[in-house]
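What follows is a short report on a single structure.
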Amino acid sequence: MKKFFIVLLLSISFVKTYADEGMWLPMLLGQQAYNDMVKKGLKLKPEQLYNLNKASIKDAIVIFGGGCTGEIVSDQGLIFTNHHCGYNAIVDASSVENNYLQNGFWAKDKSKEISSSLSIKFLNRIDDVTEKIMSALGDLQGADRAKKYNQVMGDIVKEVVGNDEFKDAVVASMFKGNQYFLFVYDVYKDIRLVGNPPESIGKFGGDTDNWEWPRHTGDFSVFRVYTTKEGKPSKYSVDNIPMKPKYFLPVSIKGFKDGDYSMIYGYPGGTNRYETSYGIKLATDINNPTLVKLRDMRLKYMFAEMKKNPATKLQLASNYASVANYWKFFDGETKQLLKYDVYGAKQNAETNFLSWAKGKPAYENIFNDYATNYSAWTPYAKHRQYINEGIVSTPLIAYAASWLALETLLKKTDIKAEEITKAIEAATKARKTFLTNDNKKSDQNILAAAISMFYSDIDKDQQPKGFYEELFKNYSDIEQNTYKLFTADVFANTMAFDDNKWKAFTDKPSIEALTKDPAFAIAKAFISNYTNNILPKYTAFVNKNNDLGRMYMKGLFEMNPNKMNSTYPDANFTMRVSYGNVKSYLPKDAVKYDFYCTLSGVASKYVKDDYEFDLPAKFLDLYKAKDFGPYVDKKIGDIVVTFITTNDITGGNSGSPVMDANGNLIGLAFDGNYEALSHKMAFDKDLNRTICVDVRYVLWCIDKLGGAKHIVDELKLVQ
Ligand code: ARG
């Protein structure tokens, strides 16, 4: 029960002792953290870690796509990231005839690399904009503060980015709005797929093994960034050349042992280590279980179709993978939060804070205010999850919801004809995308289930007025399932699927035609009910929570003075460095988990033709022949496929480089362990592990399994 209380204090007062916790801003590392890194084994100078004027490790680290990390590993712009980060691009490059997802792909030479819709971002510079923002915000609170913040932030970003499509900038709030930094990025848009292992390697173990150690997944893929001949960022062009990077990571195939130094750079997406007991309770009681229940349902109907044929599998694979990933995460998070009584630990921390805050008017009522805020919002929390994870996660309704903007436009009296034409053109384009991506059968089942579950789970007085009465009036055949009948009619009659109806509507767009559409009617009923009655309560809740969080954090710093610069801010998808060690652990009584898994371990999990545990014939041949090449771990006499470290990372770090004491690449981080799935809200110093694919397995897959030795030859190997 005391665990988090201790962690909370330590992260503020005694960071040195439990240094594996911490996602540090590399430019603000501080002497204390650096000294600790050295103590743990680091052999590099501070300027090799981060330097504005000279090339340093930070220049090899990129934001990969929308939410992952990648690293530059050759002087020709080669990028390593995870298989699950490249997944969408691999699916896009695949067809049933050329199924690169299933069979793997290696470009024979640069001309065979496949362009993608991905972009990557390099960190260009960081400015402290705290004063600028704080002075603009002054004492504003709640909605006024949020509005002003968005305006000031927007101005700052606009000033830096202007109209440059190859620049991006983000203002990131640190310590819950007690500090603000501006991050400026260079955006490169010509990113090509160089190669990937077959899915049976890249996603070996599937969702059964996801978020678990021991683990045998070869979770990597390889891309390349191209620039103009002048080395400038660019969109795809045949004339582009491979990037000549400022810095790239050497790759070590020397191996390592339990206890060796490990360092991870990357872009952790979000943590909330100072979440209150109220937030924990809302997560474990309502938010997480509701999300899990709705995702269970969606996954069930998607999977039923995916296993029927390869085309549907390709169509749904990417979406399925991301829904499944956080379905398991939130289920595990709930279990671990409860198991470790994080709620109780947070309550202890709050009691401790309150005894300090006594007699300080700014702080002494803070938890009463939290209590009031949470009890006002809690009755509506489930409704919000049902909209996001149920109704609007139904593909048809998500698409039909985009017509709400059309409706608003058509309602305007002073609208120009060409504006409507433009909006209709956009809707037609979106419809085309929708129709390519939609799998009707699963979509229809999901809609029927979502509407049915909403009815039984959400309070009657929160439901859209008249919607269910009308539905029950029209679909009450005792022999049949009401919701199935209803959705069958929706799918048969909506213009979303009917070219003639769509043409009639777009030839003469009218509110009447929209209103008559049954898919639009569902979108409108649920979304306007939500927007009018629930969303304002949610916004008020979030704004108040932000005010309280800022105060709580400020109070914690007052309680422990001068510590703002010696602790780390919560993850917020800005560049961080985390340091620790390769390390085995004790997951439960009498059980020890070793720090590595092997090729033999992969082979021992093999199940022929299984959805998750199949293996390519060539893998089995190479394994039988013990054809390990220079990638073998001599001490172990096998290929080490994966390993674990004590580093503090989270989602967004996927694809991050794991480096040794000299900054050489030894692996790619791709997951966290089940025992520490409460890590977003409470770091567990004993159980937290980062799961990494060993770079020697990556190279074995490229060279031996993939026959693409030329890629390995591009790297700077340390042996
Ligand atoms: N859990 C991993 C992460 O969030 C993603 C693993 C993807 N694999 C899978 N079987 N869904 O980084």
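Read-outs throughout are calculated quantities, based only on the coordinates presented, and are distinct from any laboratory measurement. Please read these numbers as outputs of a predicted model, since none were measured by experiment. Neighbour counts run over all protein chains shown; Cβ positions are idealised from the backbone, glycine included.
Scanning region 314-336 for residues that are among the small types (G, A, S) and under 22 Å from G104 (Cβ atoms) returns A317, S318, A321, S322, A324.
Checking each residue in region 38-69 for being of a type in the set (K, R) and within 15 Å of S654 (Cα to Cα) picks out no residue at all. Of the residues G655, G663, the single one that is touching a residue at least 12 places away in the same chain (Cβ under 8 Å), within 14 Å of the ligand (Cβ to nearest atom) and not aromatic (F, W, Y) is G655. Sort through K189, K121, K147 and tell me the only one that's over 23 Å from the mean Cα position of the chain (by Cα) and away from the ligand (no atom under 16 Å from the Cβ). Going through K189, K121, K147 in turn, the sole match is K147. With the structure loaded, tell me whether S252 is over 21 Å from the mean Cα position of the chain (by Cα) and within 21 Å of G652 (Cα to Cα) or whether it fails that test. Considered against the rule, which asks whether it is over 21 Å from the mean Cα position of the chain (by Cα) and within 21 Å of G652 (Cα to Cα), S252 comes out as no.
Just one residue in the set I639, I644, I666, I649 is over 28 Å from the mean Cα position of the chain (by Cα) and buried (at least 24 other Cβ atoms within 10 Å of the Cβ); that residue is I639. In region 69-84, the residues that are touching a residue at least 12 places away in the same chain (Cβ under 8 Å) and more than 16 Å from the ligand (Cβ to nearest atom) reach residues that are of a type in the set (D, E) and part of a strand (DSSP E or B) with C-beta atoms within less than 9 angstrom, at least six apart or across chains, in these pairs: I79/E71. In region 639-652, of all residues being farther than 13 Å from R576 by Cα and in contact with a Cys (Cβ under 9 Å, 6 or more places away or on another chain), the one that is nearest to the ligand (Cβ to nearest atom) corresponds to T642.
Annotation for region 367-388: at least one member residue is within 30 Å of M495 (Cα to Cα), of a type in the set (D, E, K, R), in contact (Cβ under 8 Å) with a residue 24 or more places away in the chain and surrounded by 15 or more Cβ atoms within 10 Å (Cβ to Cβ). Taking region 354-461 as the region of interest, the helices (runs of 4 or more DSSP H) fully inside it that hold 3 or more residues being out of contact with any Ser or Thr (no Cβ under 6 Å at 6 or more places or on another chain) and of a type in the set (G, A, S) are 366-389, 395-401, 417-437, 440-457.
Here is a yes/no grid of residues against (1) away from the ligand (no atom under 16 Å from the Cβ); (2) farther than 22 Å from Y455 by Cα:
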position	(1), (2)
G269	no, yes
L282	yes, no
Y301	yes, no
P310	yes, yes
Y326	no, yes
F330	no, yes
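Of the strands (runs of 3 or more DSSP E) lying entirely inside region 606-719, those containing at least 1 residues that are out of contact with any Leu (no Cβ under 7 Å at 6 or more places or on another chain) are 640-645, 665-672, 690-694. Within region 211-226, being near the ligand (Cβ under 8 Å from one of its atoms) and either crowded, with 24+ Cβ neighbours inside 10 Å or of a type in the set (V, I, T) (or both) holds for T217, D219. Residues D684, D713: which one is out of contact with any strand residue (DSSP E or B) (no Cβ under 8 Å at 6 or more places or on another chain), under 19 Å from L249 (Cα atoms), among the acidic types (D, E) and away from the ligand (no atom under 15 Å from the Cβ)? Selected residue: D713, the only one of D684, D713 that is out of contact with any strand residue (DSSP E or B) (no Cβ under 8 Å at 6 or more places or on another chain), under 19 Å from L249 (Cα atoms), among the acidic types (D, E) and away from the ligand (no atom under 15 Å from the Cβ). Within region 633-652, the set of residues being without any contact (Cβ under 8 Å) to a residue 60 or more places away in the chain and touching a strand residue (DSSP E or B) at 6+ places or on another chain (Cβ under 6 Å) comprises D638 only.
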